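The values are calculated or read from the model by the stated rules, or taken from the named source; none is laboratory data. Everything quoted here is computed from the prediction, not taken from an experiment. Every residue, glycine among them, receives a Cβ derived from its backbone with ideal geometry; neighbour counts consider all protein chains shown. When the accessible area is computed, the model is the full protein with side chains, heavy atoms only, and any ligands, DNA or RNA have been set aside. Shrake-Rupley method; radii C 1.70, N 1.55, O 1.52, S 1.80 Å.
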Amino acid sequence: QCLYQFLAFVPPSNESLRKPGTASVMVDTQHPLTLLLNSSVGDRDLCKIQYHFGEFGNYSLVVKTLSTSNQTVSCDLIINEGPINSYLPILFAFLVYMGILALLIAGRLLMKIDPVRNWVYKKLNPRATDRMINSELGSPNTTDSINCDPTPQSWSSRSRQRLRSLDTFRGLSLVIMVFVNYGGGKYWFFKHESWNGLTVADLVFPWFVFIMGTSIALALGSMLRWGSSKWKVLRKIIWRSFVLILLGIIVVNPNYCLGPLSWDNLRIPGVLQRLGFTYLVVAALELLFTRADSGTWEGRFPALQDILPYWPQWIFILALETIWLCLTFLLPVPDCPRGYLGPGGIGDFGKYPNCTGGAAGYIDRLLLGEKHMYQHPSSGVTYQSTMPYDPEGILGTINSIVMAFLGLQAGKITLFYKDQPKQIMSRFIIWGIVMGVISAILTKCSKEEGFIPINKNLWSISYVTTMSCFAFILLLLIYYLVDVKKWWSGAPFLYPGMNSILVYIGHQVFANYFPFKWKMQDSQSHAEHLTQNLTATTLWVIISYILYRRRIFWKI
């Protein structure tokens with residue numbers, strides 16, 4: 001439903017020289033396009049062609065006049081040079097990483113052979129050898145290996161007591177987030193969707209929020225069991241939220257490109273700001289009702305022991321969601337239809353060019369001011385919207401709280417059913433199915449035609465339920481592989497997952513410095529962009545591994 005945009009004027013042919021009129025243009029290749037040819041006389045539609053052009057393809061639209069009396073023309077699309085296969089660099093990168101993985105697995109298997117292991121003992125320092133064998137990429141258990149230093153063994157045993165699947169899940173989300181923030185090889189599916197719909201880039205932030213909620217349930221219960229008072233824990237929650245928000249405003253601020261930091265152009269919302277505020281609300285809500293002892297609930301419905309004792313929390317969350325629905329669909333927005341969820345610009349046939357985001361955008365502009373919002377939203381690419389819109393705005397924060405609360409529910413499941421992996425996995429499956437069914441109803445299984453479309457910019461409730469569905473299923477798989485069967489140590493995602501704040505802030509601060517970025521020979525090459533972005537992401541995984549081995553963890 002995009003308004004037609006002027007592309008080119010084709011001059012008339014030169015009859016004396018028998019030279020046709022020509023015009024050269026570049027067109028988008030992400031979406032199928034509709035080309036409409038109009039007559040310069042009478043503004044009459046002559047022909048219409050729908051086609052999905054390919055990257056770096058060369059095409060000709062040949063227009064011939066069949067009858068001058070009734071202005072009948074023929075339009076034929078000719079492929080002069082076929083598009084390239086832009087996905088070959090992804091295949092090559094996949095094979096390289098699979099080769100590295102195969103070498104690591106082969107090394108792990110070789111270390112199980114006694115002669116090879118003894119040879120390694122002779123060649124390497126015993127302490128260094130012991131640390132290598134007992135690492136997450138090593139094979140023997142601590143009880144099977146020679147250990148000359150008791151400290152690494154005790155530290156390793158303590159680290160195994162925490163659910164490694166949570167750190168692995170967090171690390172996986174963070175690694176994808178770093179990769180897409182660095183450019184994702186300039187592939188459209190590694191960029192945020194312009195408006196409705198999902199790409200890979202739209203998955204990671206809500207997953208990070210989800211696992212933050214899961215960690216809240218485990219961390220608060222642990223602190224209370226160790227004897228910390230609720231007031232002491234509350235002070236720590238407030239301080240941590242304050243530091244996250246402060247880091248987001250001062251350190252990780254994309255409006256730096258407009259000049260030195262000043263109040264005139266300071267972006268107030270942001271990723272860390274939303275994480276900080278979401279953490280504050282969900283952690284405080286959990287602190288009010290959590291118990292130091294998470295034993296079996298002696299109520300009428302023991303199967304719902306992770307839900308019923310916390311009914312006030314659910315009432316609070318449902319009240320928040322009611323507020324979001326009322327503001328989104330009932331709040332009057334000047335010059336915009338009530339309940340508008342569109343991108344503005346040329347979307348909806350250009351009827352509402354200044355209504356980007358509807359109530360969500362209006363609330364941010366009213367309370368924050370246009371200069372304190374994100375200036376280049378993803379809707380500007382396809383829909384050519386000119387209004388500033390912040391995907392981490394005020395109204396969407398309500399649904400990020402809902403997302404974290406669903407993650408909190410996953411944490412409660414692991415607490416109430418600890419040492420019962422079948423119960424934990426079955427509940428993860430049930431929650432994933434419930435969230436999926438809600439999403440199907442809200443969206444009518446459609447990208448554009450549902451009651452509430454999936455939209456990352458708006459953080460719509462259907463977006464939250466869909467991401468929660470994926471999160472429960474993904475966490476189930478990682479939990480089964482890492483903590484139940486122990487087929488996978490969680491490496492390499494475990495390492496950035498245990499230093500998530502440092503990696504996130506570091507990758508933002510050093511994004512434009514070598515070796516994370518360098519001048520490329522061909523800025524239009526997917527291969528060069530992919531090489532640079534994968535190199536930068538891999539470097540942060542290596543840095544997090546080194547910090548992990550040195551037991552350096554930056555906690556707030």
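Pairs meeting the criteria (first residue in the range 291-316 and closer than 14 Å to Thr414 by Cα and outside any helix (DSSP H, G or I), second residue of a type in the set (A, V, I, L, M) and at pLDDT 75 or above, beta carbons under 6 Å, at least 6 apart or on different chains) are Ser294/Leu415; Asp306/Ile413. Is it the case, given these coordinates, that Val482 is at pLDDT below 95, in the same structural domain as Phe405 (by the TED database) and part of a helix (DSSP H, G or I)? Taking the combined requirement at face value, the residue satisfies it. Residue-level check: of (1) aliphatic (A, V, I, L, M); (2) in contact with an Asp or Glu (Cβ under 6 Å, 6 or more places away or on another chain); (3) under 12 Å from Tyr182 (Cβ atoms), Met520 misses just (3).
Matching residues to (1) free of Cβ contacts under 8 Å to residues at least 40 places away in the same chain; (2) over 25 Å from Ile245 (Cβ atoms); (3) outside the structural domain of Trp459 (by the TED database):
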| residue | (1), (2), (3) |
| --- | --- |
| Cys355 | yes, yes, no |
| Ile363 | yes, no, no |
| Gly369 | yes, no, no |
| Pro377 | no, no, no |
| Val381 | no, yes, no |
| Pro388 | yes, no, no |
| Pro391 | no, no, no |
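Counting the residues of the range 327-353 that are without any contact (Cβ under 8 Å) to a residue 12 or more places away in the chain and either under 18 Å from Glu193 (Cα atoms) or open to solvent by less than 20 Å² (accessible area, probe 1.4 Å) (or both) gives 0. Determine if the range 434-457 includes at least one residue that is closer than 22 Å to Ala217 by Cα and in contact with a Phe, Trp or Tyr (Cβ under 8 Å, 6 or more places away or on another chain). Checked the range 434-457: at least one residue is closer than 22 Å to Ala217 by Cα and in contact with a Phe, Trp or Tyr (Cβ under 8 Å, 6 or more places away or on another chain).
Kindly provide the set of residues from the range 458-479 that are assigned to a loop (DSSP other than H, G, I, E, B) and either open to solvent by less than 10 Å² (accessible area, probe 1.4 Å) or at positive phi (or both), ordered by number.
Correct list: Trp459, Ser460.
Taking the stated definitions as given, is Leu3 aliphatic (A, V, I, L, M), touching a strand residue (DSSP E or B) at 6+ places or on another chain (Cβ under 8 Å) and either modelled with pLDDT under 90 or surrounded by 11 or more Cβ atoms within 10 Å (Cβ to Cβ) (or both)? No. Taking the criterion of being touching a residue at least 60 places away in the same chain (Cβ under 8 Å) and closer than 18 Å to Thr278 by Cα, the residues of the range 317-326 that qualify are Ile317, Leu320, Glu321, Ile323, Trp324. Restricting attention to the range 407-434, which residues are closer than 23 Å to Asn455 by Cβ and open to solvent by 10 Å² or more (accessible area, probe 1.4 Å)? Answer for the range 407-434, where residues must be closer than 23 Å to Asn455 by Cβ and open to solvent by 10 Å² or more (accessible area, probe 1.4 Å): Trp431, Ile433, Val434.
The single condition from (1) touching a Pro at 6+ places or on another chain (Cβ under 9 Å); (2) of a type in the set (S, T, N, Q); (3) surrounded by 23 or more Cβ atoms within 10 Å (Cβ to Cβ) that Ser446 fails is (3).
Table: residues versus (1) assigned to a loop (DSSP other than H, G, I, E, B); (2) buried (at least 23 other Cβ atoms within 10 Å of the Cβ); (3) within 26 Å of the chain's Cα centre (by Cα).
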residue	(1), (2), (3)
Leu198	yes, no, yes
Ala201	no, no, yes
Pro206	no, yes, yes
Val209	no, yes, yes
Leu218	no, no, yes
Gly221	no, no, no
Val233	no, no, no
Lys236	no, no, no
Ser241	no, no, yes
